[in-house]
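The values are calculated or read from the model by the stated rules, or taken from the named source; none is laboratory data. As the structure is a prediction and not an experimental result, all values here were calculated from the model. Here Cβ is always computed from backbone atoms with ideal geometry, including for glycine, and neighbour counts include all displayed protein chains.
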Amino acid sequence: MFFFKQIYNTIRAWFEEAPHFTGTIIATERIGSRIQKVTIALPEPISKPFPIGCYIQAQTSGCVPRAYSVAKANTTSFTLLVSFAGMGVGARYFAEAPVGEKVVCYGPFDDFPYRYGTGRSKVFFATSTGVAPFRRMTEEALKENVESVLLLGTPKEEDIAFKKDFEILAQNPLFRFIPVLSAGSAEWKGARGFVTNHTADIEDFLKKSDVYICGVPIMTMGVLDLLKKIGVPEKQIFVQKFG
Ligand SMILES: Cc1cc2nc3c(=O)[nH]c(=O)nc-3n(C[C@H](O)[C@H](O)[C@H](O)COP(=O)(O)OP(=O)(O)OC[C@H]3O[C@@H](n4cnc5c(N)ncnc54)[C@H](O)[C@@H]3O)c2cc1C
């Protein structure tokens, strides 16, 4: 018992030495059955919002760190999408964390940035909470006046995060939003199956686009295989190591 306490204290000390801040949960929202949207206030305002495509490490139950991509951010807060798909330690922590809860966070870590000024169109591939970094990247593509497509794979219609936001963005002809449901209801009129089943009509577009991928490893591997097969240059491919 003493031995475990010592290990716990050592790990805790490492975390306390690393740069971190304590945020406060100011809003939570359940999206379908699989996602908790969590907005965390910063301890004090900052000059610029956290970078697009970044992630933070949150200290969940028992000091266990879990990485979450930042979906939205301003100078006083940021928003995460936490997946309940497996109900692991991070999911359980955020499922139960109430408004007002303090959360120790590390970061932001900026390793999946939006590449400005390439002049290329964009294709974003995501599954479930992997859509988080694309909430802001899709807006940036429109600001750059380049065409973009978001293919989002998820089981059911109610599990689509930021559905309304993407539908509004899709009123601009430069942006296409393609949700792909693996377990959609009989009423669902959109795409079904997996995101890789819906690329046949955009293969030429993919070849000339920057391609961003974020989500479960099986989707990432499938998309990378496809991109290799159709000859998308590697310098145009950006992957978030999510899983
Ligand atoms: C850069 C980066 C960004 C990320 N961004 C996000 C994000 O925006 N949103 C997000 O949700 N995730 C994100 N992730 C993944 C996230 O960090 C977690 O790994 C993921 O959410 C699962 O964490 P968890 O603690 O809920 O599950 P874990 O505890 O890690 O469990 C993972 C899986 O193992 C299973 N499992 C755990 N313990 C047991 C057990 N004893 N027996 C059987 N099965 C078990 C769980 O059911 C679950 O399916 C990101 C990861 C990285 C690296």
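Tabulated data
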item	result
Of residues in the stretch 33-44 being surrounded by 16 or more Cβ atoms within 10 Å (Cβ to Cβ) and outside any strand (DSSP E or B), the one farthest from the ligand (Cβ to nearest atom)	Leu42
The listed residue being at pLDDT 95 or above and within 21 Å of Ser83 (Cα to Cα), out of Glu147, Glu157	Glu157
Filter result for Val232 (part of a strand (DSSP E or B), surrounded by 14 or more Cβ atoms within 10 Å (Cβ to Cβ) and away from the ligand (no atom under 16 Å from the Cβ))	no
So Gly62, is it touching a Phe, Trp or Tyr at 6+ places or on another chain (Cβ under 7 Å), farther than 17 Å from Val216 by Cβ and small (Gly, Ala, Ser)	no
Subset of the stretch 45-62 (residues that are at pLDDT 95 or above, out of contact with any Lys or Arg (no Cβ under 8 Å at 6 or more places or on another chain) and more than 10 Å from the ligand (Cβ to nearest atom))	Pro45, Ile46, Ser47, Lys48, Pro49, Phe50, Pro51
Test: residue in the stretch 70-82 that is farther than 30 Å from Leu181 by Cβ, surrounded by 13 or more Cβ atoms within 10 Å (Cβ to Cβ) and among the hydrophobic types (A, V, I, L, M, F, W, C)	no
Selected residue (criterion: modelled with the lowest pLDDT) from residues of the stretch 83-102 that are surrounded by fewer than 20 Cβ atoms within 10 Å (Cβ to Cβ) and more than 11 Å from the ligand (Cβ to nearest atom)	Glu96
In the stretch 200-220, the residues that are more than 19 Å from Gly53 (Cα to Cα), away from the ligand (no atom under 16 Å from the Cβ) and of a type in the set (A, V, I, L, M)	Ala200, Ile202, Leu206
